[in-house]
Amino acid sequence: MDDNKAKLIKDFFARGVADVIPSKGDLKKVLESDKKLKIYIGADPTAPKLHLGHSTNILLLRILQKLGHKIIILIGDFTGMIGDPTDKSAIRVPLTSEQVQENARTYQDQLSKIIDFGGDNPAEIKFNSEWLSNLSSVEIIKLMANVTVQQMIERDMFQKRLAENKPIGLHEFIYPLLQGYDSVVMDVDAEMGGTDQTFNMMMGRHLMKTKSGKEKFVITTELLVNPKTGVKLMSKSEGGYIGLNDEPEDMYGKVMALSDEVIEPCYRMCTALDLGGIDFGSHPMELKKNLAWEIVRIYHSEEEANQARDHFQRTVVEKTASEVAPMVVVEGGVLGTIQDLNGKPGLANILVENGLVGSRSEFKRLVEEGGLYLDNVRISKDQEKLDLHDGQNLIRVGKWKQLVLVRQ
């Protein structure tokens, strides 16, 4: 096995793979061999945009594609009209055929930013209406005979609804059964999906074993959640997500609006950057700027990422600063931090004179506690001089006080 293949396999398991059934070790052995797998991921078109939460699976599929495995993207245009009950505390409102088709229309364009649909090993897009819409009543009843009601109500979300005396529709039992049947029809070797899809994917594994005598790998991936609250960051059906075809400026701004605690998961699961070269102890604002730039680059271009970054700086950072903060003109590009420099007042005296700190002693304490920033980069206690760039330089004192230094 060459070094590049070994690196790709290592990256695959490090980038958000939560679990593999029957085991990670079994899948690793197959990936290290010469055997080529047929792997699929399904997406119900419940909204016209794929979102950043999908990027974990998309980037992992790209690794598998680079390793030579066959990738299938299954659009659940039929199952989308039923509605996946996963994570739903009440019955989901089904979509019409027209709504599903309209939502699915742009999926390949969005996916093609990462997945290769051409070349020697092109990914394939399928629609499960091709086979599910042709099932007869007899065939559906025979399919249902492979699963018991007891197996269905073992699902935690159904148990919760029963405990809360909330209804469970019979069609919600049919959904995982039909998703499982997708695996049988396509005769896949593996299925990938978020941990919230484990029950549905295991149904496919059960039907593959029952109807085809074949063991299917189930690859579960981490969900993009806030590690402090456990709340999902992206949801097509509930809104509030970063779409993969968002305009560059919107995409950049939405990433910048993410809370600090989700920075590391987003780097790990939404980019292919070398994590070893990233200092997660540095200032969150700088980490988010780099993250936002990289995500825009992936789904648009380097040029558009630069433009989005500049737009954010101009319309958000500088505009906010100029609207709410006093402005002080300074000569030259170098400013003393605590001490005056070359006869010019240092930052300590400037802040005292403008009422942002009460005294030089308070200024020193702020610096020692890490509460003073230049353009959202923390000013360290060992920093005797500050280098100012042309235009506006934003000084932030604590969380809320600001002052703009304009270099002359």
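Annotations
- A cut-off of 5 Å between modelled amide H atoms, ignoring neighbours fewer than 5 places along the same chain, links A18 with T220, T221, E222.
- In the distance distribution for the stretch 1-143, Cα-Cα pairs more than 19 Å apart total 60 percent.
- Modelled spin labels at E247 and D26, positioned 7 Å past Cα toward Cβ, are 5.0 nm from each other.
- Base-10 log of normalised Debye intensity for the chain (one unit scatterer per alpha-carbon) at q = 0.07, 0.10, 0.14 Å⁻¹: -0.45, -0.77, -1.20
- Within the straight-line cut-off of under 20 Å between alpha carbons, the lysines reachable from K214 are K24, K28, K29, K35, K36, K38, K70, K142, sequence neighbours fewer than 8 places apart in one chain being disregarded.
- Here the ratio of the Cα radius of gyration of the stretch 253-408 to 2.2 N^0.38 Å is 1.14.
- Percent RCO, i.e. relative contact order, over the chain, from Cα pairs under 8 Å lying at least 6 residues apart: 15 percent
- FRET efficiency for L170 and D116, using Cβ-Cβ distance with R0 set to 51 Å, rounded to 0.05: 0.80
- Rotationally averaged projected area of the stretch 325-407 (alpha carbon convex hull; nm²): 4.7 nm²
- Rg(Cα)/(2.2 N^0.38 Å) for the stretch 122-184, N = residue count: 1.35
- Here the calculated FRET efficiency for Q151 and N306, from their Cβ-Cβ distance with R0 = 35 Å, stands at 0.05, rounded to the nearest 0.05.
- Considering only beta bridges that DSSP places wholly inside the chain, some 50 percent are antiparallel.
- Structure-based [θ]222 nm, the chain - -39500 (n - 2.57) summed over DSSP H runs of at least 4, per residue, nearest 500: -11500 deg cm²/dmol
- Globularity index of the stretch 254-310, i.e. its alpha-carbon radius of gyration over 2.2 N^0.38 Å: 1.05
- The string of couplings for the stretch 118-127 from the Karplus curve (6.51, -1.76, 1.60, θ = phi - 60°) is x, x, 6, 9, x, 5, 10, 9, 10, 10 Hz, one whole number per residue in order, with x for Gly and Pro.
- Relative contact order of the stretch 3-241: 26 percent, from C-alpha pairs under 8 Å at least 6 residues apart in sequence.
- Between amide H atoms placed 1.01 Å from N, distances below 5 Å from T337 occur with L347, K385, L386, all of them 5 or more places distant or on a separate chain.
- Applying the Kirkwood pairwise sum to the alpha-carbon positions of the stretch 3-241 produces a hydrodynamic radius of 18.6 angstrom.
Laboratory data are not the source of any read-out in this text; all were calculated from the coordinates shown. Computed from a prediction, not measured in an experiment: that's the story for all the values here. Every residue, glycine as well, gets a Cβ built from its backbone with ideal geometry; the counts of neighbours run over all protein chains shown.
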